[in-house]
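**Student:** One structure coming up, written as structure tokens, with questions to follow.
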Amino acid sequence: MRKSLAILALAFAALLCEGCGIYSFSGTSIQPDVKTITIEPVVNKAMKVNPSLASTLFEQMCDKYKKLTKLEQVEEDGDLNVLATIESYQVSAAAVTANEVAALNRLTVTVKVKFVNEKHPEENFEKSFAAYEDYDSTNSLDAVEAQLCDTIVEKLIEDIFNATVANW
């Protein structure tokens with residue numbers, strides 16, 4: 001009986017915290033008065049352009065906020081505003097052999113994000129997020145690019161989401 005009461009009290013406390021906006025089990029810490037979000041289409045300003053990267057990043061970012069928050073996505077004038085710009089998309093040598101030949105190449109994508117919280121401007125920021133994936137230099141970028149970009153986009157979205165609504 002005592003154990004049942006303790007479990008019931010713990011469950012009630014968890015629901016109370018979730019309902020008050022104090023804590024969210026999805027890991028977000030959004031103020032209760034923030035109801036909407038505007039995610040601008042991603043702009044690609046990189047010198048080397050992957051034609052599908054901007055739209056993939058935008059769509060998956062929208063999905064992440066839709067799945068893990070209660071925020072309503074609106075086209076303009078949201079309580080939260082996220083503007084992302086792809087600043088760079090580059091391949092570099094990640095590991096070099098004794099013959100000074102690249103053994104591994106690294107694809108790095110850098111995204112600059114401007115985040116504006118209309119209700120709580122102290123949370124505003126503008127910063128860059130970068131993610132990379134290495135691949136064997138015997139493969140051409142064309143052969144592995146789609147898979148690399150999928151992984152990089154996941155990492156970028158996780159970092160951006162955490163910085164904007166999880167305050168990590």
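**Student:** Run the numbers on segment 45-168 and let me know its relative contact order in percent, using alpha-carbon pairs under 8 Å that are six or more apart. Mind dumping the intermediate values first?
**Tutor:** Values: 176 pairs, mean separation 27.6, N = 124.
Over segment 45-168, the number comes to 22 percent.
**Student:** Relative contact order for segment 91-131 using alpha-carbon pairs under 8 Å, separation at least 6, rounded to a whole percent?
**Tutor:** Values: 57 pairs, mean separation 12.9, N = 41.
Averaging sequence separation for qualifying contacts and normalising by length gives 31 percent for segment 91-131.
**Student:** Right, next: Whole-Hz ³J(HN,Hα) for each residue in segment 78-85, computed from phi via Karplus 6.51 cos²θ - 1.76 cosθ + 1.60 with θ = phi - 60°, x for glycine and proline: what do you get?
**Tutor:** Per residue, the Karplus-derived 3J(HN,Hα) values read x, 5, 10, 10, 10, 10, 10, 10 Hz.
Taken together, the values in this text are just the output of simple stated rules run on the coordinates, not laboratory data. Keep in mind that this is a model prediction, so the values were computed, not measured.
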